[in-house]
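Below: the structure, in structure tokens.
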Amino acid sequence: MSFRAVIFDLGGVVLDSPLHAIAAYERELGIPAGFVNRVVVETGPAGAWSRLERGELSRRAFEAAFDAECASAGHTLSAATMMERIARCGPRPRMLAAIRTIRGSGRAVAALTNNWANEGGGASETDALRDLFDVFVESSKVGLRKPDPRIYEHVCAALAIPARDAVFLDDIGSNLKTARALGMTTIKVDEPEQALAQLSRHLDLAL
């Protein structure tokens, strides 16, 4: 099959995984592994994390709300400190090189990320990546977050392609599930090397 576009998640795909940063913080505090993720899942769309990623909460308001949600769930942490750790997740050179190669092959490349706005409207950690992509879709700006099907439809509309013409890379299974249901070919990113080997086969392109 000939794919016209590749859609990349950022954190955990193009950037080092925020999940690893969160896990390290949990270990440092001595709280159970996966606790933060459980709070995010259990509080659902109305929870502080989801509201932050849809652009409905400022960072400061999120930090207070998420601290309270975690305390209510049984463990104390500092959301401000956790977010500082996440912000240190740097780019993965092999992924950056692959994106340039894909664009050079004539295919479109998009970023589709669940993110949050910086306090004061300053530059975000991902701003330096924008020029790598033809389309850059941020949950905090469009008011939708993965795995809501509408954000995938939004990125496909921006690329002017049907979902079946795209390969989507993400490190979270629930995000990939929605993409597959819409017709995208998906790759779960555990390590850059593994993901790029799969992507290379799909595109018939050395990455």
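The values are calculated or read from the model by the stated rules, or taken from the named source; none is laboratory data. Just so you know, these numbers come straight off a predicted model, no measurement behind them. Note that we place each Cβ from the backbone using ideal geometry, even for glycine, and neighbour counts take in every protein chain shown.
Being touching a residue at least 12 places away in the same chain (Cβ under 8 Å), touching a Gly at 6+ places or on another chain (Cβ under 6 Å) and part of a helix (DSSP H, G or I), is that true of even one residue in region 85-101? Within region 85-101, not a single residue is touching a residue at least 12 places away in the same chain (Cβ under 8 Å), touching a Gly at 6+ places or on another chain (Cβ under 6 Å) and part of a helix (DSSP H, G or I). For region 92-122, the set of residues classified as of a type outside the set (S, T, N, Q) and at pLDDT below 95 consists of W116, A117, E119, G120, G121, G122, listed by residue number.
Within region 148-173, the set of residues being under 12 Å from the mean Cα position of the chain (by Cα) and surrounded by fewer than 18 Cβ atoms within 10 Å (Cβ to Cβ) comprises just one member, G173.
For region 66-100, which residues satisfy the criterion of being over 21 Å from the mean Cα position of the chain (by Cα) and surrounded by 13 or more Cβ atoms within 10 Å (Cβ to Cβ)? Scanning region 66-100 gives D67, E69, C70, A73, H75, L77, S78.
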